[in-house]
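S.K.: Quick one: structure below, then a few questions.
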DNA sequence: TGACTAAGCGGAACCGTGTTCCGTATCGTT
DNA sequence: AACGATACGGAACACGGTTCCGCTTAGTCA
């Protein structure tokens, strides 16, 4: 890990210099994009270029590839968690918010997917991350679902864990096969969640 | 595939020149050794060096890594199959023959292990290979078991498929962890097969 | 047997990645 | 403003895959 906290703690930003912090953020964002576009095996240089930093910088912040992947993972979980309430407040309707949120969640899953490979050998740190991810996101999703249900936009009674699990499974087989677009199916799933027009 | 036959056929050695054939054999043997020692991701150069040929030669015979791995796989199955009767004839006792044969079989399994990875994407050719391997080897093992049982060296009634499956499973978790030596356990398994001294 | 041809060989050279290292730029402080 | 610590960038190196081409040699034919 490049910063000093455990999975359960918040990022302490223990850094000294402002530019270092800026670069770290840029790197996390760039890596997330590149991972989505090219998988976790994307060339380091590509990530550095996208972030607008040198190669040395990336190695200073994240000595190993696993460090970077884990950091992105946590960053994405955080972003997802924080985006929930924000979307609820900003988007036109709870259902729209839910839709946007699910989109972020899918981004996250795609990134997460190669992660299992990148972390083989990394002892049991993987399970801890997974638990963290569930603890953090299920409540957020639940709140979005509740809001949409309260607004009468979707049928009530859907369980957040179940929905997230379903989305996760839809994203699982994703191997770059152009014939299989998980996002399309997830969209369908959401559509199916809609309350049937009150007959 | 570099030679032109299917899984079910014998190697046709359709080549024209003798040295080409020799090199192909040397390459198969060398690759098998290197795969056992360093896994299927071993550098091409290392295999070429071990076989005493140039890099170009390896690429001419086996254009892709999968080609080489498949060829080694089939070569090993063949070697295993042919070694059975030979060992039975040469070794002192059927049990010794069985022991030696199992040793070869383990070599094969270790090689085979990384194979699944190397063949992802290679359509369903993998299942065909697996079926071929079972068809070819189960009878050989069965004959060794029968001979040893007839000689009173092991308890009768052991099923070849079951034994092979068990050995396969013992070799499965093999990740280069020095604390886990499949061969040791397989030895134990064989020892357990021995007929208890007729009480 | 010797000349000839093309199959086959070796490995230098090239490319794309990961990784290291150090001179330079920048930040924050005094 | 000056200065030391910190961080930055990217050239340089290491390493493995892949290509390509001049040389060697097996096999043939007279």
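The values are calculated or read from the model by the stated rules, or taken from the named source; none is laboratory data. For clarity, every value in this text was computed on a predicted model and none was experimentally measured. Cβ coordinates were reconstructed from backbone atoms using ideal geometry, including for glycine residues, and neighbour counts include every protein chain displayed.
S.K.: In the stretch A:25-41, what count of residues is obtained for those that are within 13 Å of DNA strand C (Cβ to nearest atom) and surrounded by 18 or more Cβ atoms within 10 Å (Cβ to Cβ)?
M.R.: 4
S.K.: I'm checking my understanding of the structure. Among residues of the stretch B:20-60 that are without any contact (Cβ under 8 Å) to a residue 12 or more places away in the chain and away from DNA strand D (no atom under 13 Å from the Cβ), which one is nearest to the other protein chains (Cβ to nearest Cβ)?
M.R.: Step by step, filter the stretch B:20-60, then rank; the result is B:37.
S.K.: Could you please give the count of residues in the stretch B:89-101 that are surrounded by fewer than 20 Cβ atoms within 10 Å (Cβ to Cβ) and part of a helix (DSSP H, G or I)?
M.R.: 5
S.K.: Is at least one residue of the stretch A:137-157 at pLDDT below 85 and in the same structural domain as residue A:84 (by TED's automatic domain parsing)?
M.R.: Let us first name the residues in the stretch A:137-157 that are at pLDDT below 85, namely A:157.
Of the ones still in play, those that are also in the same structural domain as residue A:84 (by TED's automatic domain parsing) are A:157.
Taking every residue of the stretch A:137-157 in turn, at least one turns out to be at pLDDT below 85 and in the same structural domain as residue A:84 (by TED's automatic domain parsing).
S.K.: In the stretch A:29-76, which residues are under 14 Å from residue A:110 (Cβ atoms) and assigned by TED's automatic domain parsing to the domain that holds residue A:130? Spell out how you get there, then give the answer.
M.R.: Going residue by residue through the stretch A:29-76, those that are under 14 Å from residue A:110 (Cβ atoms) are A:31-42, A:69, A:72-73, A:76.
Once the filter is applied, which keeps residues that are under 14 Å from residue A:110 (Cβ atoms) and assigned by TED's automatic domain parsing to the domain that holds residue A:130, the stretch A:29-76 yields A:69, A:72, A:73, A:76.
S.K.: Look at residue A:69 and say whether it is more than 14 Å from chain B (Cβ to nearest Cβ), more than 30 Å from residue A:153 (Cα to Cα) and at pLDDT below 90.
M.R.: For residue A:69, the condition - more than 14 Å from chain B (Cβ to nearest Cβ), more than 30 Å from residue A:153 (Cα to Cα) and at pLDDT below 90 - is met.
S.K.: Next question. Just to verify a result, which residue in the stretch A:131-148, among those that are without any contact (Cβ under 8 Å) to a residue 40 or more places away in the chain and in contact with a helix residue (DSSP H, G or I) (Cβ under 9 Å, 6 or more places away or on another chain), is farthest from residue A:79 (Cα to Cα)?
M.R.: A:146
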